[in-house]
Amino acid sequence: MTVDAEASDSILARSAAAGDDRAFAVLVRRHKDGLYRLLRRYTGDSDEAYEAVHEAFIAAWSALKRYDSQRPFGAWLRTIAINKARDRGRRMVVRRVIFGSGGLDDTEALSAPDPSPSAEAGVLEDEQAVRLDRAVARLPAALKEPLLLTAFEGLSQQDAAQILGVSIKTVETRVYRARKLLAEQLDSDMRPSAR
């Protein structure tokens, strides 16, 4: 059986649920970059984001039979991805509590964004992007999630509300608060520190 790479996500999802690995591979190719960008901003760490994307696709594969084809596949997948990022964050907190901040496997140090500038960060735009990603990653999850879905992923407030399981008004309020807090953080980061 040949997979039509131009087929809709819902058709591919139904084929994948019926056991067609190639249909799922097309879905992965279509959505992996967008999920990675979302989770990179969510976690503030490229390795954590990569791992969360991997976990999200594994979970999606396992849950394909429960996918509602009336719902956009991308929104369904983002819901799974955000949940996986939340799970990883909770596990990291538990590890910190159990092992302390310098324990056996210092996951905090390993997963913390590298404060040193990368080679390409010499360009002002790259530095600003890094600053923005780190500031977004520091936002509380309740504010970060609706901001990422609407401002960075381009979803409507209604779609974000559906993914997050909250009202549209809640999304609107949280996005407003997230933008305000983000502006304050970026402003604070730009001020010269007194040394």
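The values are calculated or read from the model by the stated rules, or taken from the named source; none is laboratory data. Quantities reported herein were computed from a predicted structural model and do not represent experimental measurements. Cβ sites come from the backbone with ideal geometry, for glycine too, and all protein chains shown count toward neighbours. The protein model used for the area step is the full one, side chains on, heavy atoms only, and it has no ligands, DNA or RNA in it. Shrake-Rupley method; radii C 1.70, N 1.55, O 1.52, S 1.80 Å.
Remarks
- Subset of region 13-25 (residues that are within 16 Å of residue 68 (Cα to Cα) and either without any contact (Cβ under 8 Å) to a residue 60 or more places away in the chain or not assigned by the TED database to the domain that holds residue 66 (or both)): 14, 15, 16, 17, 18, 24
- Answer residue from region 149-158, given it is open to solvent by less than 50 Å² (accessible area, probe 1.4 Å) and within 11 Å of the chain's Cα centre (by Cα) and is farthest from residue 175 (Cα to Cα) among those: 153
- Identity of the residue in region 32-49, small (Gly, Ala, Ser) and buried (at least 18 other Cβ atoms within 10 Å of the Cβ), that ends up nearest to residue 136 (Cα to Cα): 44
- Test result for residue 65, within 13 Å of the chain's Cα centre (by Cα) and outside any loop (DSSP other than H, G, I, E, B): no
Per-residue answers, yes or no, for (1) open to solvent by 60 Å² or more (accessible area, probe 1.4 Å); (2) hydroxyl-bearing (Ser, Thr, Tyr); (3) over 19 Å from residue 47 (Cα atoms); (4) modelled with pLDDT of 75 or more:
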residue	(1), (2), (3), (4)
93	yes, no, no, no
108	yes, no, no, no
114	yes, no, no, no
138	yes, no, no, yes
147	no, no, yes, yes
165	yes, no, yes, yes
170	no, yes, yes, yes
173	no, yes, yes, yes
182	no, no, yes, yes
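- Criterion violated by residue 8 - all others in (1) among the polar types (S, T, N, Q); (2) in contact with a Lys or Arg (Cβ under 9 Å, 6 or more places away or on another chain); (3) surrounded by fewer than 14 Cβ atoms within 10 Å (Cβ to Cβ) satisfied: (2)
- Comparison of 52, 63, 17, 13 shows that the only residue that is closer than 29 Å to residue 136 by Cα, of a type outside the set (Val, Ile, Thr) and open to solvent by less than 40 Å² (accessible area, probe 1.4 Å) is 52.
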